[in-house]
Amino acid sequence: MRKITATLAAMMMIAACGGQGSDAGGDDQTRVTLVQGLAGEEFYETMACGAKAKAQELGVALDVQGPQKFDPTLQTPIVNSVTASAPDAMLIAPTDVKAMIAPLTQAKQQGIKIILVDTVVEDESIGLSRISTDNVKGGAAAAEALSEQIGGKGKVLVISTDPGVSTVDARIKGFEQEIKANHPDVTYLGVQYSHNDVGEASRIVNAALAKDPDLAGVFAANLNSATGAGSALRQAGKLGKVKMVGFDAGPAQVKQLKDGVVQALIAQLPGDIGAKGVEQAVAAVKGQQVTASIPTDATIVTEENVDQPEVQKILYRAGC
């Protein structure tokens, strides 16, 4: 789904922003840990900023941790360590719908309140609240935007990361449903997986252009897919001719938009997800009512509206 390798600068920003969370208070202070899907990535840093602001408002001690890659083998030991530290609640963006069930079950058995943010696991008993972008709706918005860019007709391809990531799977579902239901002159060529590798995304597009020289559009479900696809389109002289819609709105994605690599972005609201996650965690710890499912919105960002104040507010940040 949108996952990129964390940069050193971003990691330094985490430390500057207080990566280990808000100041500790008394022994009776609610302790919450946010386990990101990927440390240093702008989506999750914006989520952390929203969580930190809400934690400060509510007097919560918040700790933030995350793996260096969006990988369950790296996230699992972090979850195990958090479980051993026994916070009152854990906010987590699981990196796999299946692989993260076991470590989260152990945390749940230790009495830690689990709140899922952004991504989920298949076991519906895990996660007192699930807070995420309506990714089916976001995928549908991407289909609408891409169809508009190509004039409502032509062949389109989806490039994603890997199957088994709940958010990206939902985006693909929404894209496919929207194309099938409302865009009869758009030919859907299916989804191919880049494994979050820029080179592989470039290879996919090169192969697609060789097979279908009249390819009209690409939906790139994350940054690396868009970067690789854009590189292939540039080399083929198709940049801006083959239209592309990307997902997320971090600094790199916005640069792609302004450079004409992509023609539209689907921006999520990760800060809201983080803030709502802290609210639900506190409610769970205090035995108050918890909302089981909280969908958040997505916005289409284009070159025409990217500089508008209301759009600037929702662009992602590298740190607080």
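The values are calculated or read from the model by the stated rules, or taken from the named source; none is laboratory data. From a predicted model like this one, the values you see are computed outputs, not experimental measurements. Please note: Cβ atoms are built from the backbone with ideal geometry, for glycine as well, and neighbour counts cover all protein chains shown. Ligands, DNA and RNA are stripped out before the accessible areas are found, and what is left, the full protein with its side chains, is counted by its heavy atoms. Shrake-Rupley method; radii C 1.70, N 1.55, O 1.52, S 1.80 Å.
Quick notes on this structure:
- Residues within the stretch 123-144 that are of a type outside the set (A, V, I, L, M) and either open to solvent by less than 20 Å² (accessible area, probe 1.4 Å) or under 12 Å from Gln268 (Cα atoms) (or both), tallied: 9
- One residue stands out among those in the stretch 156-169 that are open to solvent by 20 Å² or more (accessible area, probe 1.4 Å) and in a helix (DSSP H, G or I): the one that is nearest to Leu239 (Cα to Cα), which is Asp169.
- Residue match in the stretch 179-187 (condition: part of a strand (DSSP E or B) and open to solvent by 60 Å² or more (accessible area, probe 1.4 Å)): yes
- Residue match in the stretch 47-61 (condition: within 19 Å of the chain's Cα centre (by Cα), in the same structural domain as Val121 (by the TED database) and closer than 16 Å to Thr167 by Cβ): yes
- Within the stretch 291-305, the set of residues being touching a strand residue (DSSP E or B) at 6+ places or on another chain (Cβ under 8 Å), surrounded by fewer than 18 Cβ atoms within 10 Å (Cβ to Cβ) and in a loop (DSSP other than H, G, I, E, B) comprises Thr291, Ala292, Asp297.
- The one condition in (1) under 20 Å from Asp297 (Cβ atoms); (2) charged (D, E, K, R); (3) at pLDDT 95 or above that Asp134 fails to fulfil: (3)
- Count of residues meeting criterion [more than 18 Å from Lys155 (Cβ to Cβ) and either open to solvent by 10 Å² or more (accessible area, probe 1.4 Å) or not aromatic (Phe, Trp, Tyr) (or both)] in the stretch 238-261: 15
- Taking the criterion of being acidic (Asp, Glu) and closer than 22 Å to Val32 by Cα, the residues of the stretch 269-320 that qualify are Asp272, Glu279.
- Options Lys153, Lys69: the member that is open to solvent by 60 Å² or more (accessible area, probe 1.4 Å) and modelled with pLDDT under 95: Lys69
- Of all residues making up the stretch 129-155, the number that are of a type in the set (Ser, Thr, Tyr) and in a helix (DSSP H, G or I): 1
- So Val282, is it outside the structural domain of Gly37 (by the TED database) and open to solvent by less than 40 Å² (accessible area, probe 1.4 Å): no
- Listed conditions (1) surrounded by fewer than 18 Cβ atoms within 10 Å (Cβ to Cβ); (2) in contact with a Phe, Trp or Tyr (Cβ under 7 Å, 6 or more places away or on another chain) are all met by Asn222, apart from (1).
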